[in-house]
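Worksheet: the structure to be examined is printed underneath.
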């Protein structure tokens, strides 16, 4: 079917890399793999970073005008059969999808919607109202991060249609990691992390990682840090006490990252305020056990005690202890490495996601057609 794809936070062809951009790209790839004709509906960004009410109102006006232009265009050519919006919340509401979907009478599907009740009357009140209305109007909400489920279902009602979609990658891009022998080297243990260097949660995670590694001076390890960004100098400073063991490789293309991961033993990332962490999935696909912080999103991709070890978020001592255990047990590293690779292939590969998405969207279209044909509203349902 023809699908209009839209990402109000950041379009998939945006020049600045981020996890949001990668997930948007993965979603489009999965939809195309399932045989759908997917086109980017708009590059319009509704993102307001500062909580500026005037900006939110202006974005609402611009978005409404753009939606009306899309409606006129779609009525003439390239009419989609379904609208698909990725990542919808108070800082980046969807001004296009609901309006276009209503006008064309097509299903409106949202992936990764989140509701923060504290913003109902805060600086993003305008954006919150728009995002809330869009989420409530969706024919189907697909959750990628389990932490969003409770508030969104509370807003929409327990009987409104929803489904889970495990985050995913194209695991074949990391298949050469299977050629390595995890944990085969006696020393040093080669650790790796991949993350952007920016203020806030990312910098806090880097600082916690440095503090945890400083507790492991008796362990023979090296750390490779892949990433760059405006907080580069602060990140480098955080590792000053163990600088002789740390190498910074800067930002790398994803193909090079896959090659690098295959030469390492353990992926480490404290994951403070981490939504999901695609790098954690990529590392496991390469056969690396993971030591990370136990956020809900991370817990949905790393199986604690099976594919890696999760520590309470922000707990330096627990993170160091988990890493020490893996450092001292090569047999456990090998076991977790093999299980990590198998887990990603079975549950977080684009092939499985394509089948899941295809089934969900076809059900959404079928339910929408039935609702339009019925003299009364069709019963709501929750998809398995």
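Looking at (1) surrounded by 14 or more Cβ atoms within 10 Å (Cβ to Cβ); (2) touching a helix residue (DSSP H, G or I) at 6+ places or on another chain (Cβ under 8 Å), can you tell me which one residue 75 breaks?
Checking residue 75 against (1) surrounded by 14 or more Cβ atoms within 10 Å (Cβ to Cβ); (2) touching a helix residue (DSSP H, G or I) at 6+ places or on another chain (Cβ under 8 Å), the one that fails is (1).
Could you list, in sequence order, all residues of the range 104-115 that are in contact (Cβ under 8 Å) with a residue 60 or more places away in the chain and buried (at least 16 other Cβ atoms within 10 Å of the Cβ)?
Result: 106, 107, 109, 111, 112.
Which numbered condition in (1) touching a residue at least 40 places away in the same chain (Cβ under 8 Å); (2) in contact with a strand residue (DSSP E or B) (Cβ under 7 Å, 6 or more places away or on another chain); (3) on the phi < 0 side of the Ramachandran plot is the only one that residue 37 fails?
The one condition residue 37 does not meet is (1).
Is it the case that the range 266-278 has a residue that's assigned by TED's automatic domain parsing to the domain that holds residue 303, surrounded by fewer than 23 Cβ atoms within 10 Å (Cβ to Cβ), free of Cβ contacts under 8 Å to residues at least 40 places away in the same chain and under 30 Å from residue 172 (Cα atoms)?
no
Output the residues belonging to the range 11-46 that are under 23 Å from residue 74 (Cβ atoms) and part of a loop (DSSP other than H, G, I, E, B).
11, 12, 13, 34, 35, 36, 41, 42, 43, 44, 45, 46 - these are the residues of the range 11-46 that are under 23 Å from residue 74 (Cβ atoms) and part of a loop (DSSP other than H, G, I, E, B).
Using the structure shown, decide if residue 339 is over 16 Å from the mean Cα position of the chain (by Cα), over 22 Å from residue 238 (Cα atoms) and not assigned by TED's automatic domain parsing to the domain that holds residue 145.
So residue 339 fits the description; yes.
Looking only at the range 274-290, filter to residues that are in a loop (DSSP other than H, G, I, E, B), farther than 17 Å from residue 318 by Cβ and under 18 Å from the mean Cα position of the chain (by Cα); which one of those is modelled with the highest pLDDT?
In this case the residue turns out to be 277.
Scan the range 244-258 residue by residue and report those that are under 13 Å from residue 228 (Cβ atoms) and in a helix (DSSP H, G or I).
Within the range 244-258, 257 is the sole residue that qualifies.
Any residue at all in the range 116-123 that is closer than 18 Å to residue 357 by Cβ and without any contact (Cβ under 8 Å) to a residue 40 or more places away in the chain?
For the range 116-123, residues closer than 18 Å to residue 357 by Cβ and without any contact (Cβ under 8 Å) to a residue 40 or more places away in the chain: absent.
Across the range 219-235, what is the total count of residues that are under 10 Å from residue 198 (Cβ atoms), touching a helix residue (DSSP H, G or I) at 6+ places or on another chain (Cβ under 6 Å) and in a loop (DSSP other than H, G, I, E, B)?
Here the count works out to 1.
Collect the residues in the range 212-258 that are touching a residue at least 60 places away in the same chain (Cβ under 8 Å), under 21 Å from residue 293 (Cα atoms) and surrounded by fewer than 17 Cβ atoms within 10 Å (Cβ to Cβ), keeping them in residue-number order.
215
Would you confirm, using the coordinates I've provided, whether residue 30 is touching a helix residue (DSSP H, G or I) at 6+ places or on another chain (Cβ under 7 Å), under 15 Å from residue 169 (Cβ atoms) and modelled with pLDDT of 95 or more?
Yes, satisfied.
The values are calculated or read from the model by the stated rules, or taken from the named source; none is laboratory data. The shown structure was predicted, so the numbers you read here are calculated from the model rather than taken from an experiment. Please note: Cβ atoms are built from the backbone with ideal geometry, for glycine as well, and neighbour counts cover all protein chains shown.
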